[in-house]
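Enquirer: Before I ask anything, here is the structure I am working with.
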Amino acid sequence: MARSTGCSEPGARSGASAGPRDHDVVGATLEGRGETATRTLALVVGLLLVATLASAQPPARPVSDETAHRIASELRCVVCQNLSVADSPSEMAAQMRAIVRERLAAGDSPEQVREYFVQRYGEWILLAPRRQGFNLVVWGFPVAAVALGLLAVAFRLRRWTRHAGATPARVDTAMSERIRRELEREP
């Protein structure tokens, strides 16, 4: 006697026995479900592996002391304000030097490290202002002042040399005679 579960099997007709064809459909359906579960599990494991590898930090690159010092010397110490981060003895400067090294080791370029500090402290953090926008006035003013100074000196020299070559003032004959006699008297 066949055991009845109360559920009809897919493809089975009530009151009729399952033929070989119906059995193959049921077996194929179960095999398909197993393959789908295996594929889903493989996909989930693959995604977890990719996510783990993507979140892992890249290996730290070696940072040259020269590069770190050069960047630190371009940044203003927020405590001393008249010293660069490279030259300042303050604790804050030491922390900023460590951040420069960490960011370089993480793969940031020197410009990205400078931009990191500019975003946090503003353009003020740079010892030398950038050569763009309104900062061009800061860079252009000394050049313009020197050029104006040279022009003033050139005009002054020109006036001076022009007067030196001018004809002397006329001296009357009585005065000329007196000067000549005094020069003859001197031994």
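Enquirer: It is to be established whether one or more residues within the stretch 123-133 are surrounded by 10 or more Cβ atoms within 10 Å (Cβ to Cβ), small (Gly, Ala, Ser) and closer than 23 Å to Glu66 by Cβ.
Expert: The first filter runs over the stretch 123-133 and keeps only residues surrounded by 10 or more Cβ atoms within 10 Å (Cβ to Cβ), leaving 123-131.
Filter once more, keeping what is small (Gly, Ala, Ser): 128.
From the residues that got through so far, the ones that are closer than 23 Å to Glu66 by Cβ too are 128.
Checked against the condition, which is being surrounded by 10 or more Cβ atoms within 10 Å (Cβ to Cβ), small (Gly, Ala, Ser) and closer than 23 Å to Glu66 by Cβ, the stretch 123-133 yields at least one hit.
Enquirer: Okay, moving on. Inspect the stretch 54-74 for any residue being touching a residue at least 12 places away in the same chain (Cβ under 8 Å), surrounded by 14 or more Cβ atoms within 10 Å (Cβ to Cβ) and touching a His at 6+ places or on another chain (Cβ under 9 Å) and give the result as yes or no.
Expert: No: zero hits.
Enquirer: Another question about this same structure. Among the listed residues Gln119, Gln112, identify the single one that is closer than 20 Å to Arg97 by Cα and either surrounded by fewer than 11 Cβ atoms within 10 Å (Cβ to Cβ) or modelled with pLDDT under 80 (or both). Even if it seems obvious, please write down each step before you answer.
Expert: Details: Gln112 fails: either surrounded by fewer than 11 Cβ atoms within 10 Å (Cβ to Cβ) or modelled with pLDDT under 80 (or both).
Just one listed residue meets the conditions, Gln119.
Enquirer: A further question follows. Take Leu151 and decide whether it is under 30 Å from Ser64 (Cβ atoms) and assigned to a helix (DSSP H, G or I).
Expert: Details: under 30 Å from Ser64 (Cβ atoms): no; assigned to a helix (DSSP H, G or I): yes.
No: the conditions fail for Leu151.
The values are calculated or read from the model by the stated rules, or taken from the named source; none is laboratory data. The structure displayed is predicted, hence computed values, not measured ones. Because the Cβ atoms are built from the backbone with ideal geometry, glycine has one as well, and the counts that use them run over all protein chains shown.
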